[in-house]
Amino acid sequence: MAEVKVKPEVPDPMDIENRIIELCHQFPHGITDQVIQNDMPHMEAQQRAMAINRLLSMGQLDLLRSNAGLLYRIKESQNASKMKGSDNQEKLVYQIIEDAGNKGIWSRDIRYKSNLPLTEINKILKNLESKKLIKAVKSVAASKKKVYMLYNLQPDRSVTGGAWYSDQDFESEFVEVLNQQCFKFLQSKAEAARESKQNPMIQRNSSFASSHEVWKYICELGISKVELSMEDIETILNTLIYDGKVEMTIIAAKEGTVGSVDGQMKLYRAVSPLIQPTGLVRTPCGLCPVFDDCHEGGEISPSNCIYMTEWLEF
């Protein structure tokens, strides 16, 4: 099946501004330019500066100075102006939802914290939704339940499942494609290092690639219809580490270096096993975390093991 390349779209300025506001809500004490850069590494400095300047001119952000440099913080009066004209019960529910952050909160928990009748809570929630102050989001953890959060917040990965879920369904094929492409990139780096014919230490060092390099390669391939972060790519790289195909090392990096976090950078390289694993280890039983609890007639048994069935079919 031919791969369909999707050309990355130029981010909308409003999307950038909304994301900066979300970050400010997640970090109430303020965020630095480095935090914004790490969250949106694909964003050009000029686009970032324009979005920040617009938010400052609109009075949505405060500019502060600290030991870490300039800080951007959401204006405290902004939330108060949104609830102008609301009664005390509505303000209470809004405050409870705001405190829940981007992980959201169930109506049952709102009822418990507010001590209000369920009918009254449902009425308030509908009213706040109509004003676009809050929104309801379906959680992958409980498909039949909705959590409520502020309207301008991006739901946490624990709620949406991140890039690996679409309409609450796990995209196993998409994950497998990313897994293969990340490994292919690291293999090409290792092969290029071997062909350089330099001394073994230089070959080894040049076979490493940062997570930012892998992320950039995946973005340029255009195989993803959703925007992937470096954290998403590192999740895929971790699965390759668990499979024994890749190894990781952490090195010190200068502050502000692309791909670095807190003065550290993760590097990855493809590796080949010294010996092939034995046949038993290749079976699901060889890596099963509940191997000791598995026995015929029990709740976990070989006869009803879905992993063994899949392995035999493969």
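The values are calculated or read from the model by the stated rules, or taken from the named source; none is laboratory data. Note that this is a predicted model, so its numbers are computed, not measured. For neighbour counting, all protein chains shown are included, and Cβ atoms are generated from backbone atoms with ideal geometry for every residue, glycine included. Keep in mind that these areas ignore ligands, DNA and RNA; they rest on the heavy atoms of the full protein, side chains included. Shrake-Rupley method; radii C 1.70, N 1.55, O 1.52, S 1.80 Å.
Please build a GNM for the chain, connecting alpha carbons under 10 Å apart, and tell me which residue among GLY30, GLY263, GLY286 fluctuates the most.
GLY286
Quick one: among ARG73, ARG204, ARG19, which has the greatest mean-square fluctuation in a GNM of the chain with alpha-carbon springs under 10 angstrom?
With Cα springs under 10 Å in the chain, the top fluctuation among ARG73, ARG204, ARG19 is at ARG204.
In the calculated pair distance distribution of the stretch 86-161, what percentage of Cα-Cα distances lie above 19 Å?
When every Cα pair of the stretch 86-161 is considered, 27 percent fall beyond 19 Å.
Take the Cβ-Cβ distance between LYS184 and ILE306 as r, set R0 to 35 Å, and report the resulting FRET efficiency rounded to the nearest 0.05.
0.75
How are the C-alpha pair distances of the stretch 172-270 spread across 5 Å bins, as whole percents from the shortest bin up?
Going out from 0 Å in 5 Å bins, the stretch 172-270 shows 2, 13, 23, 24, 20, 12, 5, 1, 0 percent.
Given the convex hull over the Cα atoms of the stretch 13-74, what projected area results after averaging over all orientations, in nm²?
Its Cα hull, projected and averaged over all orientations, spans 3.7 nm².
How big is the stretch 213-259 along each principal axis, measuring the range of its Cα positions in Å and listing the largest first?
On the principal axes, the stretch 213-259 reaches 33, 30, 14 Å in Cα extent.
For the chain, with all protein chains present and a 1.4 Å probe, just round the carbon and sulfur fraction of the accessible area to a whole percent.
It is 53 percent, rounded to a whole number.
Please report, in Å, the Rg and the Dmax of the stretch 140-228, where both are computed over Cα atoms only.
Expressed in Å, the Cα Rg and Dmax of the stretch 140-228 come to 18.6, 59.
Apply the Karplus parameterisation 6.51 cos²θ - 1.76 cosθ + 1.60, with θ equal to phi minus 60°, to every residue of the stretch 292-305 and state each ³J(HN,Hα) to the nearest whole Hz, in sequence, with x for glycine and proline.
Ordered by residue, 3J(HN,Hα) equals 5, 9, 8, 7, 4, x, x, 5, 10, 8, x, 6, 10, 7 Hz.
Express the accessible area of the stretch 127-226 per residue in Å², computed with a 1.4 Å probe while the remaining protein chains stay in the model.
57
Once you keep just the Cα pairs under 8 angstrom separated by 6 or more residues, what percentage relative contact order results for the stretch 86-161?
Normalised by residue count, the contact order of the stretch 86-161 is 34 percent.
Give me the Kirkwood hydrodynamic radius of the stretch 135-186, using the inverse of the mean 1/r over all pairs of distinct Cα atoms, in Å to one decimal.
It is 12.5 Å.
Hey, what D do you get for the chain in µm²/s if you plug the Kirkwood alpha-carbon radius into Stokes-Einstein at 20 °C and 1.002 mPa s?
Answer, rounded: 91 µm²/s.
Here is the link list: LYS216/LYS266; LYS75/LYS254; LYS189/LYS225; LYS75/LYS144. Which ones come out longer than 24 Å on Cα distance?
LYS75/LYS254; LYS189/LYS225; LYS75/LYS144
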